[in-house]
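Colleague: Below you will find the structure I want to go over with you.
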Amino acid sequence: MKIAAIDIGSNAVRLYIARPLHEELSDTDFKQVEFTRLPLRLGDDVFKNKEIGKKKADLFIKAMQSFALLLEIYNVDVVRVCATSAMRDAENGEKLAKDIRKITGLKIDIITGKQESRLVQAAILDSLPGKSTFLHIDVGGGSTEISLIKNGKIKQYESFNIGTVRMREVKVKSTETQRMLKWLADLNLPADQSVKAIGTGGNIVKLHSLAGTAAKEAMNLHHLKSTNAYIESLSHHDRVYELKLNPDRAEVINHAGNIFIQIMESCHIHEIFAPNVGLKDGIVKQLWKKRFFAKKS
């Protein structure tokens, strides 16, 4: 069986095809069959002009046509397409989604920030120690979702229009930053280092790697700050050729670092884990569980 997720983000669109390793288990791991990432950067248009322009829309349609062909070639059994902040904010987002469905047959779900966060958490919750407290921070191109997780359950959640592409375009409102800081302060988290952060999104995974932190270990705040400062000291050329970053990531990774640093500092959190999972993994996991329990009933 093959399951696919298409994640339409503000910076990139991604196609992920996977198969369950153990079809007799609801909580199985998955084997990647195909992964394609295209840096369309829909947020460039949306955060400037409030809509996706014709050039980007044409490229978007072509990307979805190519994804539809790959789904057919790989004989995928089930797929879900989710769009996040850029499509949420685009005045022509719903119309473009309808056009794409007519052309490709793919239905795009433009999900809320809360739905986005829940799907990402579906990919990480099962692996968290049951009695620990975590602040989950998911930084995207257009928004940041933050959740307080205690004993494996989400206690508080909020989404903020603060993202890497918005920051690069200087489109983050100061009132939104203040709203985020107030929400974090109202959590009243202890300053005794008992709370750890979990960061998701490609930028924190790359920052974690560039800091030299082992995959399953936590990166401390000092290393995050020093790594991000080093990146900010480099030109775009050096970020691409010395650090071997994709050009689109090279433009925004320091903004992601600054968002994580601001949140961790305001909450007195000293360590952050960076599991290499995201929205696509949560979509696949949710689709598998739905299919698995439907067969059992």
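No lab work stands behind these numbers, since they all come straight from the coordinates. Note that the structure is a prediction, hence the values are computed from the model and not measured. Positions of Cβ are backbone-derived with ideal geometry, glycine not excepted, and every protein chain shown enters the neighbour counts.
Colleague: Bin by bin, in steps of 10 Å, what percent of the Cα pairs in the chain do you find, going until the bin that has the longest distance?
Modeller: Calculated over all Cα pairs of the chain, the distribution is 6, 27, 36, 24, 7, 0 percent.
Colleague: Using 7 Å Cα-to-Cβ label points, what is the D58/V78 separation (nm, one decimal)?
Modeller: For the pair D58/V78, the computed spacing is 3.8 nm.
Colleague: Tabulate in residue order the Karplus-calculated ³J(HN,Hα) for the range 209-225, using 6.51 cos²θ - 1.76 cosθ + 1.60 with θ = phi - 60°, rounded to whole Hz; enter x for Gly and Pro.
Modeller: 5, 5, 6, x, 7, 4, 3, 9, 9, 7, 9, 7, 4, 4, 5, 4, 5
Colleague: While we're looking at this one, here's another question. In a Gaussian network model over the chain where Cα atoms closer than 10 Å are linked, find which of E217, E242, E169 has the largest mean-square fluctuation.
Modeller: E242
Colleague: Once phi is turned into θ = phi - 60°, what whole-Hz ³J(HN,Hα) does the Karplus curve with 6.51, -1.76 and 1.60 give for every residue of the range 244-254, x standing for Gly and Pro?
Modeller: 3J(HN,Hα) across the range 244-254, in whole Hz: 6, 8, 4, x, 5, 6, 4, 7, 10, 4, 5.
Colleague: Separate question: Okay, helix-only estimate at 222 nm for the chain: each DSSP H run of n ≥ 4 adds -39500 (n - 2.57), divide by all residues, round to 500 deg cm²/dmol; what do you get?
Modeller: Computed mean residue ellipticity for the chain: -14500 deg cm²/dmol.
Colleague: Please check which bits of the range 58-73 a label hung off D99 would reach, taking the label as a point 7 Å along Cα-to-C-beta and the cut-off as backbone N under 18 Å.
Modeller: Residues 58-68 qualify, since their backbone N sits under 18 Å from the label point.
Colleague: While we're on this one: Kindly write out, for the range 170-178 in residue order, the coupling ³J(HN,Hα) from the Karplus curve 6.51 cos²θ - 1.76 cosθ + 1.60 (θ = phi - 60°), rounded to whole Hz, with x marking Gly and Pro.
Modeller: 6, 10, 8, 6, 4, 5, 6, 4, 5
Colleague: Of K150/K182; K95/K289; K62/K98; K48/K95, which ones are farther than 23 Å apart at the Cα?
Modeller: Cα-Cα > 23 Å for K95/K289; rest within.
Colleague: Further question: Using Cα centres only, tell me the gap between the range 194-215 and the range 27-79 in whole Å.
Modeller: 25
Colleague: Taking amide H atoms as placed 1.01 Å from N in the peptide plane, list the residues 5 or more away in sequence, or in a different chain, whose amide H sits under 5 Å from that of T133.
Modeller: K196
Colleague: Kirkwood hydrodynamic radius of the range 37-120 from all distinct Cα pairs, in Å?
Modeller: Evaluated on the range 37-120, it is 13.4 Å.
Colleague: Kirkwood hydrodynamic radius, computed over distinct alpha-carbon pairs, for the range 86-127: how many Å, to one decimal?
Modeller: Over the range 86-127, the inverse of the mean reciprocal pair distance is 11.8 Å.
Colleague: Right, here's the next one. Could you tell me the ratio Rg/Rh of the range 129-273? Both radii from Cα atoms, Rh via Kirkwood.
Modeller: Here the Rg-to-Rh quotient is 0.96.
Colleague: Follow-up. Among V165, V76, V46, which one shows the highest mean-square fluctuation when the chain is modelled as a Gaussian network with alpha-carbon springs under 10 Å?
Modeller: V76
Colleague: Once fully extended, how much extra length lies between N188 and S174, figured as 0.36 nm per residue of separation less the alpha-carbon to alpha-carbon distance?
Modeller: 2.8 nm
Colleague: Compare R101, R41, R80 in a GNM of the chain, Cα atoms joined below 10 Å, and give the one with the largest fluctuation.
Modeller: Maximum fluctuation in the GNM of the chain, among the listed residues, is at R101.
Colleague: Now, a different point. Write down the percent of antiparallel bridges among all DSSP beta bridges whose residues are both part of the chain, to the nearest 5.
Modeller: Antiparallel: roughly 65 percent of the beta bridges in the chain.
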